[in-house]
Amino acid sequence: MVKARRIDHICIAVKDLDKARTTYEDVLGLELDILYVVEKEKIKGARYYLGDVALELLEPTSPDGEVAKFLERNGEGVFLISYRVDSVAEGLEELKSKGYRLIDETPSRTIFGQPYAFLTHPKETCGVLTEIAERPL
């Protein structure tokens, strides 16, 4: 059975990463762990670890990326919640066998080496893009 063990990370779509970083670092005292760019997903991001959970601020690098489209439709806000599971591949197979229409049919790997997959359309999960991920390697 697909069982969410904990939240892995939460992504917030932002228009201006530098401005958002300043706000989150000043208001919450967050300390930056990683700055990164993912060309494939057309984003640049800042990742902060709060214990075992990461918070990511994501800015689009292209107007045709998913984060850019989200910002156009919704404005800034929570874009994605990723849940830690034991096996992404087994989770996808189980959901597929139950008849769910999946965004990803096979796992990919993050720039951190972590297996992950996007699940169903956000309309099916209360407007939030939902991801499952395994513990980072």
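Which one is surrounded by the most Cβ atoms within 10 Å (Cβ to Cβ), of the residues in region 56-89 that are free of Cβ contacts under 8 Å to residues at least 12 places away in the same chain and among the charged types (D, E, K, R)? I'd like the intermediate steps shown before the answer.
First, pick out the residues of region 56-89 that are free of Cβ contacts under 8 Å to residues at least 12 places away in the same chain: 63, 69, 72-73, 75.
Imposing the further condition that a residue be among the charged types (D, E, K, R) reduces the set to 69, 72-73.
Numbers: Lys69: 14, Glu72: 10, Arg73: 7.
Only one residue fits best here, namely Lys69.
Check off (1) in contact with an Asp or Glu (Cβ under 9 Å, 6 or more places away or on another chain); (2) small (Gly, Ala, Ser); (3) in contact (Cβ under 8 Å) with a residue 60 or more places away in the chain for Ala117 and give me the number that stays unchecked.
(3)
Being under 19 Å from Glu66 (Cβ atoms), assigned to a loop (DSSP other than H, G, I, E, B) and touching a Pro at 6+ places or on another chain (Cβ under 8 Å) is the filter here; which residues of region 113-125 pass it? Before you say what the answer is, go through the steps one by one.
First pass over region 113-125, keeping only residues under 19 Å from Glu66 (Cβ atoms): 114, 116-125.
Adding the requirement that they be assigned to a loop (DSSP other than H, G, I, E, B) leaves 114, 119-121.
Selection gives Gln114 alone.
Let's see how each residue does on (1) among the hydroxyl-bearing types (Ser, Thr, Tyr); (2) modelled with pLDDT under 95:
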| residue | (1), (2) |
| --- | --- |
| Val2 | no, yes |
| Ala13 | no, no |
| Lys19 | no, no |
| Asp26 | no, no |
| Glu31 | no, no |
| Tyr49 | yes, no |
| Thr61 | yes, no |
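Of all the residues that make up region 55-79, how many are in a strand (DSSP E or B), in contact with a helix residue (DSSP H, G or I) (Cβ under 9 Å, 6 or more places away or on another chain) and either within 15 Å of Leu129 (Cβ to Cβ) or polar (S, T, N, Q) (or both)? Outline the logic, then answer.
Step one: list which residues in region 55-79 are in a strand (DSSP E or B), which gives 55-60, 77-79.
Filter once more, so that each one left must be in contact with a helix residue (DSSP H, G or I) (Cβ under 9 Å, 6 or more places away or on another chain): 55, 57-60, 77, 79.
Still in the list and also either within 15 Å of Leu129 (Cβ to Cβ) or polar (S, T, N, Q) (or both): 58, 60, 77, 79.
Counting residues in region 55-79 that are in a strand (DSSP E or B), in contact with a helix residue (DSSP H, G or I) (Cβ under 9 Å, 6 or more places away or on another chain) and either within 15 Å of Leu129 (Cβ to Cβ) or polar (S, T, N, Q) (or both) gives 4.
Could you tell me whether any residue of region 96-105 is in a helix (DSSP H, G or I) and more than 13 Å from the chain's Cα centre (by Cα)? Give the steps one after another, and end with the answer.
In the first step, residues of region 96-105 are kept if they are in a helix (DSSP H, G or I); the result is 96-97.
Filter again for more than 13 Å from the chain's Cα centre (by Cα), leaving 96-97.
The answer is yes; a qualifying residue exists.
Filter region 1-27 down to the residues that are within 16 Å of Leu71 (Cβ to Cβ), among the β-branched types (Val, Ile, Thr) and in a strand (DSSP E or B) and list them by number.
Answer for region 1-27, where residues must be within 16 Å of Leu71 (Cβ to Cβ), among the β-branched types (Val, Ile, Thr) and in a strand (DSSP E or B): just Ile12.
The values are calculated or read from the model by the stated rules, or taken from the named source; none is laboratory data. Since this is a predicted model, take the numbers as computed values, not measurements. Neighbour counts are summed over all protein chains in view; Cβ atoms, including those assigned to glycine, are modelled from backbone coordinates with ideal geometry.
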